[in-house]
1. Of everything in segment 192-218 that's among the β-branched types (Val, Ile, Thr) and over 18 Å from HIS304 (Cβ atoms), which residue is surrounded by the most Cβ atoms within 10 Å (Cβ to Cβ)?
2. Can you find even one residue in segment 335-347 that is surrounded by 19 or more Cβ atoms within 10 Å (Cβ to Cβ) and either assigned to a loop (DSSP other than H, G, I, E, B) or touching a residue at least 24 places away in the same chain (Cβ under 8 Å) (or both)?
3. Among the residues in segment 74-93, are any more than 22 Å from ASP217 (Cβ to Cβ), surrounded by 14 or more Cβ atoms within 10 Å (Cβ to Cβ) and of a type in the set (Phe, Trp, Tyr)?
4. In this structure, is VAL191 part of a helix (DSSP H, G or I) and either touching a strand residue (DSSP E or B) at 6+ places or on another chain (Cβ under 7 Å) or without any contact (Cβ under 8 Å) to a residue 40 or more places away in the chain (or both)?
5. Quick check, is SER163 open to solvent by 30 Å² or more (accessible area, probe 1.4 Å) and either hydroxyl-bearing (Ser, Thr, Tyr) or over 16 Å from the mean Cα position of the chain (by Cα) (or both)?
6. Within segment 297-315, track down each residue that is at pLDDT 95 or above, within 19 Å of HIS189 (Cα to Cα) and open to solvent by 20 Å² or more (accessible area, probe 1.4 Å).
Amino acid sequence: MKNKEELPMNSDRGAWQRPLDFAREEEWSRRAKLFRTERTDPALTDQPALDVSPEDALMELIVSPTNLQRAWRQVKGNRGAPGPDGMTIAEFEDWAHENWATVRQQLLGGTYQPQPVRRKPIPKPGGKGDRLLGIPNVLDRLIQQAIVQVLTPIFDPGFSDSSFGFRPHRSAHEAAKQVQRIIRQGHAHCVDVDLSKFFDRVQHDVLMSRVSRKVHDRRLLRLIGRYLRFGRDGGWRMATDRRGLAARRPAIPLLSNVLLDDLDKELERRGLRFVRYADDFQIFVRSERSAHRVFGSVKRFLTHRLKLVVNEDKSSVRPALGCEYLGFTFVGKRVTIKVAPKKLFPVHC
């Protein structure tokens, strides 16, 4: 007579209909201490993160069944297009049932190799050319989402209160209200800095040095580095260019905030009022003379410390009233927030 716990491999078909039956819960995970950080978003970061000790064991947390099932619900809910391998969300479930154990072992062993992304041109508003988006395979979207869920509670609590982009419980509307408050406090001049092709020009080494300040798992650091490098040649091969972030990858918003947090901390150190949403930020000061001085010093910081390029043609010093930010404009004595005219009446070419 067979032991009741020894079930045929295909007997638990219903388990596969749960978001995704990746693996059984392991003993180390059951014994781990759980904690919940503040200001986390239920859809993205409301996962009890493991207080992993030592700090170089984050990969075990990433591949834990609970984390992966949450990541899968997020990826599945996004309904993204197939990557270069052509595999759809529905097809991935069957594929993962047979192959996830191998992928998991590669991740834990530090040997997993991401696949290049599918490049898709998206027209820019106003007929200003195309923006290339990188669409990863479903598997890599899942792994990156699992990484983000583990790293967000580590990095996000330390981010600036003036940073609003791609963060839990924060939005463009809140950023606009922050601009309104700053202008009402008498900061009459705006330093509007435009970063030229930010996602194409991020230096991988500069970014990874910031990531490694809080991430000590060498397997995870190598994996993030591979995700940064793969697929940057516009085709489906591995690229050698050590710059750029492929859009549409789940980890990119978090990594962007990790890099630009150095800018936030520098502005806070100087006592400057500012608002940042991803790579779109404005600084507010009380006099035009101060605005020009701040613009010059911030440009040097971005160029020398973060190795980024400031677009001189789109950057400027201007009056705070009437400035535009994130599709909003700020007008009148009461600094009323209105939708920018170009958003109400877009230009079509």
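1. The qualifying residue surrounded by the most Cβ atoms within 10 Å (Cβ to Cβ) is VAL215.
2. no
3. Yes; the residues of segment 74-93 include at least one that is more than 22 Å from ASP217 (Cβ to Cβ), surrounded by 14 or more Cβ atoms within 10 Å (Cβ to Cβ) and of a type in the set (Phe, Trp, Tyr).
4. Spelling it out, it is not the case that VAL191 is part of a helix (DSSP H, G or I) and either touching a strand residue (DSSP E or B) at 6+ places or on another chain (Cβ under 7 Å) or without any contact (Cβ under 8 Å) to a residue 40 or more places away in the chain (or both).
5. Details: open to solvent by 30 Å² or more (accessible area, probe 1.4 Å): no; either hydroxyl-bearing (Ser, Thr, Tyr) or over 16 Å from the mean Cα position of the chain (by Cα) (or both): yes.
No; evaluated as a whole, the condition is false for this residue.
6. Answer for segment 297-315, where residues must be at pLDDT 95 or above, within 19 Å of HIS189 (Cα to Cα) and open to solvent by 20 Å² or more (accessible area, probe 1.4 Å): SER297, LYS299.
The values are calculated or read from the model by the stated rules, or taken from the named source; none is laboratory data. Here the structure is a predicted model, which means the values were calculated and not measured. Neighbour counts run over all protein chains shown; Cβ positions are idealised from the backbone, glycine included. Note: accessible area is taken over every heavy atom of the protein model, side chains too, but ligands, DNA and RNA are not part of it. Shrake-Rupley method; radii C 1.70, N 1.55, O 1.52, S 1.80 Å.
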